[in-house]
């Protein structure tokens, strides 16, 4: 499903050139639950960004279902992100001025749907993560775990096939972390959602199908 | 300590150049407009040649006669001023009194060319109450006026129009069908000096008709030169009691029973002209209130704008502030830092505004839009400018500074500002 | 999407409050200046009711103030009549008349009458019979004054159409009495109606006007303050000197000042338009300042929302969608400011605060101000929104 061929990513500031990723080859099949691990600064998040089409490789090819993404224009990329990908971040990135339900609706704004349909889908997603009682609250009124659950609801509201999670439990205590992990496992098992998760925590990584390890931008084993 | 603040302030302002630019733009333009208005007011009302003693001079510019069914309002007539105001010279606080008409349009024809001039008729005392700048010859005297001699004092521009700028003393000038001998030439008086500007002056007694001698309402003004500024209130009060006496001698009490007038400073005189309606004894206060309201009304928008920009500037640095707070900076230091920044910004903006004002004033004087105008940037106006700038700086800094002190350090570190 | 927008703006109303206030005040400023300008423009398009080209005014100073208010004597009226005769004898003069007030000039006479219980404000002028010809008046009904009218036992008056409509409605005004005669006054009666006479000029609205006959014989006769002389087209300016010399010969003790009506008109235009020009210039600067401030504040706002923008991009918003979001949000904020301003401003016609302002002028001013504010807002949002759309999602989300 997702294919990375000899992918490298370089960052250039005024004088310094940093290699974030070096010659990565990766293949992710449909329905897989993968974790990416490695020490800080090893390029995990960069890898996730590339897989999630948030960024472009400096060298190499990233392909989704066989089609290379360098063929996609901005509009097309946006469409893919909207319909096929869902993101979950360590910092949640919820909009504090919007209610929980409004936050979850955001991906659906960029699809042609009626307001009623959007609301229905949002409530359904919130129900899936167990937050039906909090739809009109604001993010600042929720605990960390609840906020992440809202973020997950937002990520799955459009029924994407692929979820990309960047240290989803990084800001949570172990109990909340286990809850979140449980939801992800559930999604993977029941809806066959492909999940790529970056994590620090070996306990979480253990529960996944496969672990990809990175060190200084390179794949190691 | 202050130098430290200053250094940091300048660095910070340099970092966000666009913000600095729009703040400076707003402050300098606002100041420009306010200073132009102030320069104009100064030009009209401040002590200036020939009214160099304006701060101890009063004028009776308007007289209202009121009756049960009628009300008539105009400049005082010669009869009224001669009978009731001239005797005030005997008061110890009064140095001198002059009677002069309003400036009237008169026409001359020279070699088929039409020349329009503003003419005043005056007694010989005018030259001792006001101080004109003579570039040629001298004034006519009290004796000249008593004997009805046909002499005239003309302005430089009049000399230009009639004599091509060549020496004019002793030459004849024909105005409104009358011929006068030029006795002196004075520097032009700006047209907005409503109590003294004219193109030529001739003695009162040269008037074509002597009907003016009988009139209570006419087109005359009395200029009263006091011995000192402190004497003014007493002279004003004295004039009011003279009015009460004059009322008893009104020629037709059935039609007109009351008199309303005031011995006014230049400012009060203008106020009386501008704010008509019921004749008021003290119109100066009203005009001042109107001007203040206009000034505040005008500054409303720039102030809101500046507060908005300052607030943005602060929120922009929310995380920086959070870091500083985390490292132990007190609210006081931070607010102080911000206020210094604000003050520096305001002062720079004020400086730019002053330079702009100087340019615009120069261009305005050169353009001749208002005759003989010579608007100046003097020390007094500069001080007003500083005062306005200081007000601006403080006012537009208070609310944002307050918001800044309430920033929650942890939230600020996270980049959130609420 | 609209609902989402409104919710965004509404939930952020506290931080948007200053911006809304600023837009509201700017709206009020633009409205004030625009309405004044449109007021003049609207008035300018109505017909004047008289011809001013080739007409000269002559101010007659008999050396005495109060010539209009019962000053002077019948002997002087005789001199005045002689002046008119002498002036008319010139070949270059087509018509001449005496009048208490001249058009375009500030001075004037106003009276107020209570007719059938209504308070009627009237501007009026005392004129000699030659006035209609000198000023090119057009009769709409009835007739103008004649010399013989001075012998009537009642006061003939000629009113303009505005006044006729106000007092007599749609009925015929000719022959009708005008108000009740007070104790010593004679009864006034309308003998004719002219098209609307706008004495103050093109820039001021219509008023009610009434002409009163001033005869130059009889014990009540007095000289008038002004003369109006219609000269043949092409008469050179040197004729002024000839005219003045002749008048001076008839009345050596009097003073004369000739001013072509074109000059009086130009002066009155200066008087009315200067404040408008000054206000317009100052307002333009203020708007420029507001616009710049808007760009700065918007830019900083969007900087703060970088993560939100990154998030939206990740959720599938294209660059255009982000662009549109920012523009539309600002549109809503502007609308709030404009709405607030409009609410304030609409009190004026509702409470009838400014009588002379017609609803049409008021509405035009409102629309003009609205369009201006939207335009400024739009232009100032273009650059910040472009920057926002360029946000790279990866960079934005990596923030911390």
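Taken together, the values in this text are just the output of simple stated rules run on the coordinates, not laboratory data. Fair warning: this is a prediction, and the values are worked out from it, not measured in the lab. Every residue, glycine as well, gets a Cβ built from its backbone with ideal geometry; the counts of neighbours run over all protein chains shown.
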Where does helix B:232-247 land angle-wise versus the long Cα axis of chain B, in degrees 0 to 90, nearest 10?
50 degrees
Just from its helices, what would the mean residue ellipticity at 222 nm be for chain C, if runs of 4 or more DSSP H residues each count -39500 (n - 2.57) and the sum is divided by every residue, rounded to the nearest 500 deg cm²/dmol?
-17000 deg cm²/dmol
If one takes the longest principal axis of the Cα atoms in chain C, at what angle in degrees, from 0 to 90 and to the nearest 10, does the Cα axis of helix C:319-345 lie?
40 degrees
Using the Cα atoms of chain C to build a convex hull, what is its mean projected area in square nanometres?
27.3 nm²
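Once every DSSP H run of n ≥ 4 in chain A is given -39500 (n - 2.57) and the sum is divided by its residues, what mean residue ellipticity at 222 nm do you get, rounded to the nearest 500 deg cm²/dmol?
-10500 deg cm²/dmol
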Compactness summary of the range B:201-309: radius of gyration and Dmax from Cα atoms, Å, are 20.3, 68
Estimated inter-spin distance, residue C:121 and residue C:53, nm [label 7 Å along Cα→Cβ]:
3.3 nm
Among B:234, B:104, B:75, which one moves the most in a GNM of chain B with springs linking Cα atoms closer than 10 Å?
B:234
Where a label projected 7 Å from the Cα of residue A:136 along Cα→Cβ would reach, residues of the range A:90-104 with amide N under 14 Å:
A:99-102
Per its Cα gyration tensor (rounded if a/c is under 1.5, else prolate when a/b beats b/c, else oblate), the range C:174-229 is best filed as oblate
P(r) of the range B:62-263 over all Cα-Cα pairs, 10 Å bins starting at 0, rounded to whole percent, reads 8, 33, 32, 19, 7, 1
Bridge orientation stat for the protein assembly as shown from DSSP, antiparallel percent rounded to 5, came to 70 percent
So, R0 is 60 Å and r is the distance between the beta-carbons of residue B:252 and residue C:288; what FRET efficiency does that work out to, to 0.05?
0.50
So in the range C:121-255, what percent of DSSP beta bridges are antiparallel if you round to the nearest 5?
40 percent
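What list do you get for B:403, C:222 if you sort them by fewest beta carbons within 10 Å?
Arranged by neighbour count, lowest to highest, B:403, C:222 become B:403, C:222.
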Take chain B, connect every pair of alpha-carbon atoms lying under 10 Å apart with a spring to form a Gaussian network, then pick out the residue of B:396, B:196, B:108 with the largest mean-square fluctuation.
B:108
How large is Rg/Rh for the range C:88-243, to two decimals, with Cα atoms and a Kirkwood Rh?
0.98
Could you tell me what fraction of 2.2 N^0.38 Å the Cα radius of gyration of the protein assembly as shown comes to, as a two-decimal ratio?
1.33
Roughly how many nanometres apart are two label points built 7 Å out from the Cα toward the Cβ at residue C:320 and residue B:169?
8.6 nm
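In chain C, what % of DSSP beta bridges are antiparallel (nearest 5)?
75 percent
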Chain A: Cα Rg divided by the 2.2 N^0.38 Å rule of thumb:
1.01
Where labels lie 7 Å past Cα in the beta-carbon direction, separation of residue B:288 and residue C:245 in nm:
5.6 nm
What ranking of C:265, C:230, B:128 emerges when the number of other C-beta atoms within 10 Å of each C-beta is taken as an exposure proxy, fewest first?
B:128, C:265, C:230
Relative exposure of C:214, A:61, A:116, judged by other C-beta atoms within 10 Å (fewest first)
A:116, A:61, C:214
Which of C:333, C:101, C:158 moves the most in a Gaussian network model of chain C with Cα springs under 10 Å?
C:333
Tell me the angle of helix C:2-11 to the major Cα principal axis of chain C, expressed in degrees between 0 and 90 and rounded to the nearest ten.
90 degrees
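Which value, in nm² and rounded to one decimal, describes the direction-averaged projected area of the C-alpha convex hull of chain B? List each step's numbers first, then the result.
Numbers: hull surface 109.6 nm².
Averaging across all directions leaves 27.4 nm² for the Cα convex hull.
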Report, in deg cm²/dmol and to the nearest 500, the calculated mean residue ellipticity at 222 nm for chain B, where each DSSP H run with n ≥ 4 adds -39500 (n - 2.57) and the sum is divided by the residue count.
-15500 deg cm²/dmol
